[in-house]
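Below is one structure, written out as structure tokens; comments come after it.
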Amino acid sequence: AHLTHPTTAPFVVKGTSTLYDDEGNAKLQWIKTNLDKDAQIEIMKEAVAALAEDVKPAKPIPPPPDVSEAHMAVIPWGDPHVGLYVWQEECGENFDLSIAEQDLCNAVDYLVERSPACKRGVLVNLGDFFHYTNMVGSTERSGHILDRDSRTPKMIRVGVRILRRCIERMREKYEIVELINAPGNHDEVFAHFLNIMFHNLYENEPRVIIHDKPTTRHYIEHGKCLIGVVHGHQTKDRDLPGIMATEQPEAWGRTKHRVFFRGHHHHDNRVEYTGCVVEQCRTMSPSDSYAVGGGYLSGRDMKCIIMHEEYGEQMRLTCGVDVLRREYE
């Protein structure tokens with residue numbers, strides 16, 4: 001290769017193309033560069049820090065009256081993909097940051113309004129909350145270029161605002177509000193940013209709990225109920241009950257009603273394995289051009305599942321995208 005000029009930081013060489021003449025002499029050369037990975041991470045950290053400067057910590061507020069001590073409301077979010085762009089002429093529906101914000105916040109409002117006042121309310125982000133987590137709009141592991149709306153800092157700002165609004169709405173109905181962010185294959189890095197940011201936002205509010213362990217899987221207990229949370233891109237559904245029993249042996253022994261919630265595939269699916277139900281949750285976002293082209297289509301909804309500390313699931317509310325359009329448009 002004829003590389004005689006260094007690249008300018010923070011860029012690194014990822015490939016070259018050289019044009020040779022008939023005698024083997026290099027006539028032209030194209031240098032393909034990309035941001036150094038460490039530089040990308042630093043830029044993302046700076047973007048998050050800058051956006052957080054204007055976000056004020058939440059103030060404690062009195063709990064709602066007359067909550068049911070025995071009940072817990074669980075709202076699983078299957079793959080919200082905030083930052084995804086979908087064009088109606090190509091995929092049958094429009095989707096962008098503005099629509100994502102409206103749909104997620106309105107769906108949570110719809111479900112919270114119709115659910116009973118519970119001791120606990122848990123917002124479960126099953127991963128892929130953000131559509132991408134770098135400055136070029138590609139997946140970290142495979143490098144696929146994604147259909148994205150706008151710029152990374154703006155996506156972060158909208159995503160943080162969505163979570164904040166939904167937590168505030170849940171504080172009106174549930175005495176203790178909890179947030180779980182599972183790392184997805186689209187937002188493995190930003191899931192940890194969300195945990196750290198929201199832990200700081202609500203550190204002075206004892207009624208909000210952020211499950212901020214930097215782990216792939218999370219678990220919570222509620223009486224005789226044990227809930228597992230995972231994105232699902234690294235595990236098989238049939239293995240999740242055994243993983244739960246191995247990682248939480250004491251909690252497994254104390255409980256009777258066990259559910260593992262997961263996302264990733266966007267489809268509605270619920271299978272009862274020995275000792276544990278594994279439930280795959282739908283997303284509120286439409287299919288992108290890649291999914292539409294491959295025929296990977298699914299329904300769109302959000303659910304609220306009411307768990308009793310002694311008897312397990314007692315009620316299930318569903319907000320489909322059609323209901324959402326009827327109620328809020």
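On the protein heavy atoms, probe 1.4 angstrom, tell me the percent of accessible surface of the range 206-289 carried by carbon and sulfur. Don't jump to the answer; show the numbers that get you there.
Working: 1800 of 3940 Å².
Its accessible area is 46 percent carbon and sulfur atoms.
Using the empirical formula 2.2 N^0.38 Å as the baseline, the Cα radius of gyration of the range 60-113 reaches a ratio of 1.63.
For Ile196 and Asp322, the FRET efficiency from 1/(1 + (r/R0)^6), where r spans their Cβ atoms and R0 equals 51 Å, is about 0.90.
Taking loop as defined by DSSP and a crowding limit of 14 other beta carbons within 10 Å, which chymotrypsin sites (Phe, Trp or Tyr not before Pro) in the range 169-201 fit?
none
For Thr246 and Ala70, a Förster radius of 35 Å and the Cβ-Cβ distance give a FRET efficiency of 0.75, rounded to the nearest 0.05.
By a 1.4 Å probe calculation restricted to protein chains, Val108 has an accessible surface near 0 Å², given to the nearest 10. With 22 Å as the limit on Cα-Cα distance, the pairs of Lys59/Lys119; Lys119/Lys236; Lys56/Lys154 that go past it are Lys119/Lys236.
What separates the Cα centres of the range 290-327 and the range 189-232 is a distance of 21 Å. Among the trypsin sites (Lys or Arg not before Pro) in the range 168-251, those located in a DSSP loop and surrounded by at most 13 other Cβ atoms within 10 Å of their own Cβ are Lys236. Average accessible surface for the range 161-217: 39 Å² per residue, computed with a 1.4 Å probe over protein heavy atoms with every protein chain in place. Treating each Cα of the range 162-222 as an identical point scatterer and summing with the Debye formula, the log10 of I(q)/I(0) at q = 0.12, 0.14, 0.16, 0.24 Å⁻¹ comes to -0.29, -0.40, -0.52, -1.07. Between the amide H of Val122 and those of Ala73, Val74, Ile75, Glu178, distances stay under 5 Å, these residues lying 5 or more places away or on another chain, with hydrogens modeled in the peptide plane. Annotation: the range 264-306 has a Kirkwood hydrodynamic radius of 11.8 angstrom, from the mean reciprocal C-alpha pair distance. Taking a ≥ b ≥ c as the square roots of the eigenvalues of the Cα gyration tensor, the range 132-262 is oblate, since a/c reaches 1.5 or more and a/b is not larger than b/c.
The values are calculated or read from the model by the stated rules, or taken from the named source; none is laboratory data. Being a predicted model, the structure only gives us computed values, none of them experimental. Methodologically, a virtual Cβ is constructed for each residue, glycine included, from the backbone with ideal geometry; neighbour enumeration extends over all protein chains shown. Calculation scope for accessible area: heavy atoms of the full protein, side chains included, ligands and nucleic acids excluded. Shrake-Rupley method; radii C 1.70, N 1.55, O 1.52, S 1.80 Å.
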